[in-house]
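Some notes on the structure that comes next.
The values are calculated or read from the model by the stated rules, or taken from the named source; none is laboratory data. Bear in mind that the values here come from a model prediction, so they are computed numbers and not experimental data. When we count neighbours, we look across all protein chains shown, and the Cβ atoms used for this are built from the backbone with ideal geometry, even at glycine.
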Amino acid sequence: MATIIDGKKVSSDIKAECKNRADALKEKGIEPALAVILVGDNPASRVYVRNKKKACEEAGIRSISYELPGDTREEDLIELIKKLNDDEKVHGILVQLPLPVGIDEDRVLMAISPDKDVDGFHPVSVGNLSIGRPGFVSCTPAGIIELMRRYDIEMSRKRCVIIGRSNIVGKPMALLMLRENATVTITHSKTKDLPAVCREADILIVAIGKAKYVDSSFVKEGAVVIDVGMDRDENDKLCGDVDFESVSKVAGYITPVPGGVGPMTIAMLLNNTLNSAENCI
């Protein structure tokens, strides 16, 4: 039976560490602050924003909330971002996605200063990651690396297979694993004989958005399986992209859903915000 990687426990440890860092900054006259912009009334987005606010409070980070109506003009949103870029008391800017129809997400994300891009989505942040320069890293992939480090999972010289090639998870995940000296394969919907490719993995990272898609036939005995999915099964119960019941009998390590990768995303958002504030010293 696989060892379960407890993302809740690790994220709780990181939040406590962030609180200590925030307290140290305040002693130097710097109050770390994250500005979160929500446009419209998407229920899921509201939940995410609420969770981020709560996490900021626990970590001693000031959360500045901007809740804008769904008919907000793109130009007005960009103008707000520019003001936050210029505000020295704001260290991170997060625009909650998705944005309402009619607003160009790429243009909005491009408006955020790379120095405050704590989500790690700006092309400058992505470019820095691709050439090995310091910069903000997308929170979910960064959280996955941190999970494996804290469980003493060796990444160097390991074969890593990633299912999914999104800009938010798949591509930055591949770059981070290369940084850890893993040998990386990115797979996707057009990959031939996907299960066979996945069975070569020492570390299998699954981010495709299909409930319980990956079963034990995809997994090599003893492999590390990281489930990034957040889906609903046939009973409307929260589940991941991995069939936990079958895969946990084969894998060496596995992340559950919920309680695995999810909590780490917010923890790394806090970490990025504090990194930004510490750069002000």
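A residue that is more than 18 Å from the chain's Cα centre (by Cα), surrounded by 13 or more Cβ atoms within 10 Å (Cβ to Cβ), outside the structural domain of Val242 (by TED's automatic domain parsing) and aromatic (Phe, Trp, Tyr) can be found somewhere in the stretch 59-66. Within the stretch 137-177, the residues that satisfy the criterion of being more than 17 Å from Ile14 (Cα to Cα) and assigned to a loop (DSSP other than H, G, I, E, B) are Ile153, Glu154, Met155, Ser156, Arg157, Lys158, Gly164, Arg165, Ser166, Asn167, Ile168, Val169. Here Gly120 meets the list (1) assigned to a loop (DSSP other than H, G, I, E, B); (2) within 11 Å of the chain's Cα centre (by Cα); (3) among the small types (Gly, Ala, Ser); (4) assigned by TED's automatic domain parsing to the domain that holds Pro195 almost entirely, failing just condition (4). Would you pick out the residues in the stretch 35-87 that are part of a loop (DSSP other than H, G, I, E, B), under 28 Å from Asn279 (Cβ atoms) and either in contact with a Gly (Cβ under 9 Å, 6 or more places away or on another chain) or without any contact (Cβ under 8 Å) to a residue 60 or more places away in the chain (or both)? Answer for the stretch 35-87, where residues must be part of a loop (DSSP other than H, G, I, E, B), under 28 Å from Asn279 (Cβ atoms) and either in contact with a Gly (Cβ under 9 Å, 6 or more places away or on another chain) or without any contact (Cβ under 8 Å) to a residue 60 or more places away in the chain (or both): Gly60, Ile61, Asp87. Contact annotation: residue pairs with Cβ atoms under 9 Å, 6 or more positions apart or on different chains, pairing a residue in the stretch 113-129 that is touching a residue at least 40 places away in the same chain (Cβ under 8 Å) and acidic (Asp, Glu) with a partner that is outside any helix (DSSP H, G or I) and surrounded by fewer than 17 Cβ atoms within 10 Å (Cβ to Cβ), are Asp115/Asn279; Asp119/Leu97. Taken together, Ile4, Ile37 contain a single residue that is buried (at least 20 other Cβ atoms within 10 Å of the Cβ), modelled with pLDDT of 95 or more and touching a strand residue (DSSP E or B) at 6+ places or on another chain (Cβ under 7 Å), which is Ile37. For the condition assigned to a helix (DSSP H, G or I), surrounded by 16 or more Cβ atoms within 10 Å (Cβ to Cβ) and under 17 Å from the mean Cα position of the chain (by Cα), Val10 qualifies.
Out of Ala59, Ala22, Ala44, one residue alone is under 30 Å from Val247 (Cα atoms) and not basic (Lys, Arg). It is Ala44. For the stretch 12-42, how many residues meet the condition of being of a type outside the set (Lys, Arg) and farther than 30 Å from Pro100 by Cβ? Final tally of qualifying residues: 15. Residues that are over 12 Å from Val39 (Cβ atoms), part of a helix (DSSP H, G or I) and in contact with a His (Cβ under 8 Å, 6 or more places away or on another chain) do occur in the stretch 92-111.
Only residues that are over 15 Å from the mean Cα position of the chain (by Cα), closer than 30 Å to Ala277 by Cβ and charged (D, E, K, R) were counted in the stretch 132-169, giving 4. No other residue among Leu147, Leu176 is touching a Pro at 6+ places or on another chain (Cβ under 9 Å) and assigned by TED's automatic domain parsing to the domain that holds Val206 apart from Leu176.
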